[in-house]
1. Please work out whether the stretch 4-217 counts as rounded, prolate or oblate from its C-alpha gyration tensor, where a ≥ b ≥ c are the square roots of the eigenvalues and a/c under 1.5 means rounded, while otherwise a/b larger than b/c means prolate and anything else oblate?
2. About the Cα centre of the chain, how large is the charge dipole given +1 on each Lys and Arg Cβ and -1 on each Asp and Glu Cβ? Please answer in debye to the nearest 20.
3. Given 0.36 nm per residue, what is the gain on full extension from Ala61 to Ser3 after removing their alpha carbon distance, in nm?
4. Give me the compactness ratio for the stretch 220-386, meaning the Cα radius of gyration over 2.2 N^0.38 Å.
5. Along the Cα→Cβ direction, 7 angstrom out, place labels at Arg379 and Thr200. What is the inter-label distance in nm?
6. Against the longest alpha carbon principal axis of the chain, how many degrees, from 0 to 90 and to the nearest 10, is the axis of helix 38-57 turned?
7. Would you calculate, for the chain, the mean residue ellipticity at 222 nm contributed by helices, counting each DSSP H stretch of 4 or more residues as -39,500 (n - 2.57) and dividing by all residues, to the nearest 500?
8. Before anything else, pin down the relative contact order of the chain: Cα pairs under 8 Å, at least 6 apart, normalised by residue count, whole percent.
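All of the numbers you see were taken from the coordinates with simple rules; none came from a lab. None of these values were measured; they are calculated from a predicted model. Cβ coordinates were reconstructed from backbone atoms using ideal geometry, including for glycine residues, and neighbour counts include every protein chain displayed.
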Amino acid sequence: MVSDALIAIINEEPFQQLTRIRQLGPAHLVYPGATHTRFSHSLGVFHVARRMIRALASHDAFDVDVEGVKAFLCAALVHDLGHYPYTHSMKELPLKDHEQLTGEIVSRDPIRRRIENTVGVDAARVAAIVDTSIDAGSDAGVEFFRRVLSGPLDPDKLDYLSRDAYFCGVPYGVQDIDFAISRIVPDSETGVSLGPDGVTALESVLFSKYLMYRAVYWHHTVRVATAMIKRAVHLALRDGVWKPDDLYGLDDDSFVLLAERTEFAPFRLISNVTRRKLFKIVHEEGFDSSIEAHTRLGDMVYREKIEADLSRELSRVVGRSVEPESVVIDVPEDVSFEIPLEFRDRSVGTVFDADVVTGFTRTLRRVRIIVDPEYADARFDWCSVFSRDGTQPGQSTTHD
C-alpha cells in the first residue's frame, strides 16, 4: 500500500514522466511485450524495499531511526527520476549519471517540497541515498541505506529481473523474492549481510542477471539499436548540435521529437531505430582485454576516429562517399557478477569465483562492427581494425 504522502509525489510531473520511458528501451524490437516503463518499475522497487525494511527491522541489530526509514523508502520510489530515455543508450557519453540527475530533481521543487512538507523527511538525505557522489558526512544511516538500495541483492535487481523476464516472456530472470528477503540481515560492520543459506538467493540473482544480459539486455539486435542511438548522440555532442543540458529531463517521445526537429544528418540513425530499419552486423568477436585494439575502442573518442577511418576506406571501395555515421562500432561496457556481500558464516562458499565471473563476462562481451545495410555486402576487410596493432583478427560474422 502506498501512503497518500507518497501518492502526492507520484502525481507530480517528474514522476509521471517515467510513464513515458520504457524500462528496456529498444528491447521491444526483439520482445514485443517489453513495453513496460520506469514508472511501474519504480513502484515495484518501492514495494520490494518496504518488504526488505520490514525483514531487517525484525532483527535486534537493526538500529536505524524512523526518519531514516522514511528517507530510504522515498529514495527507493524516486531512484529513477533522472533516468535517460532509451535505457542505457547514453552510457559512456559525456553526460551526468542518472543518479546525479535524480539527486538534483529530488533537491528542487516540486519533488523537494513534497518530500519535506508532505512526507516529512529531509530531501537532501533522500538525494544522498540515491546519489553516492553526495557527501553523506557522518550520517551512518545514509551509508547503510545506500548499500540496501544498490548492492548485490537490492530491491532494484529483485524487481527488474523478474519484471523484465515477465514482459519479455522469458523464464531466466524470475526471482524467489520471498526467499531472498527472508535471508537478509542487518550487520553492524557491513550494513547488510546474509544468513548462511542466503548464498542461494544471491547466486540466483547473479546467474539470472547473466542470462538476462545474454538473452535480452545484450541481444545482438538490442545492441545494434543502442549503438546506433549512441553514435548519433555522440556526434551531436561532439559537433555542438546538442549540449548535455538538452538531453536532461527527456522521455522516449520527446527525445525522438528533439532529434526529428534538429537538422543533423546522423539523426537518421535515431529515426531508423524507431522504424526498425537497423544496421547490419558485418563483424563481431569476443572482447579480449589482452588485445590492444579492443581496449582502445573503449575510449569513445578513439572509437569515433576508427569509425571515421573505416567509412573513408569504405568510400574508396564502393566508389562513392559514405557518410561517417554509416559505420558504427559497438563495445559493451564491463559488467560485474562478483559477490561483494558479506555472509554471517565466513566459511560459506559460492560457485561465483574469479574464474567463473571472468568466463561470464568474456562470453557476454562482443565487439561488433555494424553498418548501413547498403554497404553490408561490400567486399571490405571489416576486421582489419582489430589487426592494426599486430594481433590476429577474429572471425567475421553477419547477422540478419
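1. Values: a/c = 1.74, a/b = 1.09, b/c = 1.60.
Verdict is oblate for the stretch 4-217.
2. Working: 46 positive and 62 negative charges, 236 e Å.
Using only the charged Cβ atoms, the result is roughly 1140 debye.
3. Between Ala61 and Ser3, full extension yields 18.2 nm more.
4. For the stretch 220-386, the normalised Cα radius of gyration comes out at 1.24.
5. Inter-label distance under the simple model: 6.1 nm.
6. 40 degrees
7. Result for the chain, helices only: -13500 deg cm²/dmol.
8. Dividing the mean separation by the residue count of the chain yields 17 percent.
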